[in-house]
Amino acid sequence: MSASSRLRQGALNVAEWLTRPMPSHCGGLAVFAGTVRDIHEGRAVTGINYHAHTALAERRLAEIEAEAAQRFGAEVSVAHAVGELKVGEASVVIVVRAGHRAEAFAACRWAIDTLKQTVPIWKEERYADGAARFLEGTPIKTVKES
Amino acid sequence: MSASSRLRQGALNVAEWLTRPMPSHCGGLAVFAGTVRDIHEGRAVTGINYHAHTALAERRLAEIEAEAAQRFGAEVSVAHAVGELKVGEASVVIVVRAGHRAEAFAACRWAIDTLKQTVPIWKEERYADGAARFLEGTPIKTVKES
Amino acid sequence: MSYIGTMRITVECYGASQRWCGAELVSLDLGETATVADALGRLAERYPELALRRDTVAVAIGDEIVASGRTLAEDERIALIPPVSGG
Amino acid sequence: MSYIGTMRITVECYGASQRWCGAELVSLDLGETATVADALGRLAERYPELALRRDTVAVAIGDEIVASGRTLAEDERIALIPPVSGG
């Protein structure tokens, strides 16, 4: 998987997405990261194995960036982890650079909400008792529908 | 100004607020940073000098963290720069760690909106033509009123 | 290999569809004018758990979601895209 | 130093109030039962730009915003808090 890929093997390092300087016309940076929680539906979680359909997921992540840029006039970067993650590790990072905070927040929220409905990625949760299961998800939509 | 202070001399480094690991019960990290823009009301801006009433500003920033924690069930860190900042540099950073993304976004948005109304800090903008002026602001409120 | 008048395709099973079909890859022999819908129909006959969820599953070829009327070709690979849960 | 029956306080001018008052620090001689409102009134007489914005200015002592009825004491320092513009 190439370094410029939006899908990364293993946990994401949020700070890595913040090294690029802010464009001088931007005043608002909004970031969202999703991390693995230790409990889900009352069960003790030890980690999540993220599976992706690589080709379609890469395409959809790029479409989310482009659509968010157009809808909100913002610069948007989206990355998602695949493979085994432990509790506390980051599975997804959204970074938005916009003129002002309203667009920054709106684009960031739209991007994560859209990602969850449009990108072919699946969580396989691992539990403290040794069990594992794929979580129920939502039927995939296109980015334009979202 | 101590290292644990929420007011810092000079530009903030956003990544510095992201080194602490996510608590294992949290699944959502939301971050907002405000940076100096190159244009304001049509005038070319070269930088902003941030002035603060230190004692009251420190108190108010701590109150915002506590109130956000209570309202949204989130861990909230707030920092603000004082002194001279250049275009592109970060003047404010809000970091929220919460169970899920809805609370993370809500607490982050509430914290920056509240900060702008309750913390005694003033922007003195410096322009390309050598002029400088204090921006018009909003009469200070308490955190509870916000 | 396939008989005259038939073709063989490969189905890649993603996410929970690996559980429903019991494998990551499934081979299907279909008639030579078979569509995506025909392939899903054949899988639904074979795998009851997939049959229950058939309306929630999309099919991708390459980096595109394809319509159920899309005609398949010999040796093509299709991917089952069950409800997604990323983030 | 102050005359009998009067006290001297110091006013710290923050933000744009530095411009209105032409200084970061201003000394005021007030009667010995003077309040925050009396101090603001005296400043408003002296500085017309402050007078125009008097209703938008708060006063802090230490790390607290104080009410306009708060009585002042000899040598106390008060801070003018004009409309804020942080972030």
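The table that follows gives values for the structure above.
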{"quantity": "Helix D:36-46 axis, angle to chain D major axis (alpha carbon atoms, nearest 10°)", "calculated": "70 degrees"}
{"quantity": "Compactness of segment B:1-91, expressed as Rg and Dmax over alpha-carbon positions, Å", "calculated": "14.9, 47"}
{"quantity": "Segment B:76-129 - Kirkwood radius from inverse mean 1/r over Cα pairs (Å)", "calculated": "12.9 Å"}
{"quantity": "Percentage of interatomic Cα-Cα distances in the protein assembly as shown larger than 36 Å", "calculated": "44 percent"}
{"quantity": "Cα-based equivalent ellipsoid, segment B:30-146: semi-axes from gyration tensor eigenvalues, Å", "calculated": "28, 16, 11"}
{"quantity": "30 Å Cα-Cα reach of A:K86 towards lysines, excluding residues that sit fewer than 8 places from it in its own chain", "calculated": "A:K116, A:K123, A:K141"}
{"quantity": "Segment A:12-49 and segment A:82-111: distance between their alpha carbon centers, rounded to Å", "calculated": "6 Å"}
{"quantity": "B:D129 paired with D:L25, simple spin-label distance in nm, labels 7 Å along Cα-to-beta-carbon", "calculated": "3.5 nm"}
{"quantity": "Sequence-distant residues sharing a close amide H with D:T35 (under 5 Å, placed H)", "calculated": "D:L72"}
{"quantity": "Rounded to 5, the percent of DSSP beta bridges in segment B:6-86 classed as antiparallel", "calculated": "65 percent"}
{"quantity": "GNM flexibility winner over chain C from C:T71, C:T56, C:T35 (Cα, springs under 10 Å)", "calculated": "C:T56"}
{"quantity": "Principal-axis tilt of helix A:101-118 within chain A, Cα atoms, nearest 10 degrees", "calculated": "40 degrees"}
{"quantity": "FRET efficiency estimate (nearest 0.05) - Cβ-Cβ, B:H40 to D:T71, R0 45 angstrom", "calculated": "0.60"}
{"quantity": "C-alpha long axis of helix A:54-72 to longest principal axis of chain A, angle in °", "calculated": "40 degrees"}
{"quantity": "Equivalent ellipsoid semi-axes, chain D, via Cα gyration tensor eigenvalues times 5, rooted, Å", "calculated": "21, 14, 12"}
{"quantity": "Value at 222 nm in deg cm²/dmol, rounded to 500, when DSSP H runs of n ≥ 4 in chain B each add -39,500 (n - 2.57)", "calculated": "-8500 deg cm²/dmol"}
{"quantity": "Average partner coverage of C:53-59, which counts Cβ from other chains inside 10 Å", "calculated": "2"}
{"quantity": "Copy-to-copy label separations for D:A51, where each label sits 7 Å from Cα toward Cβ, in nm and ascending", "calculated": "9.1"}
{"quantity": "Segment A:S5-A:D113, length gained on full extension (0.36 nm per residue, minus Cα span)", "calculated": "36.8 nm"}
{"quantity": "At R0 = 51 Å, FRET efficiency that the Cβ-Cβ distance of A:T54 and B:E84 yields, to 0.05", "calculated": "0.60"}
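Values quoted throughout were computed directly from the atomic coordinates according to the rules given, and no laboratory measurement underlies them. It should be emphasised that the depicted structure is a prediction, and the values quoted were computed from it without experimental measurement. Note: ideal-geometry Cβ built from the backbone for every residue, glycine included; neighbour counts use all protein chains shown.
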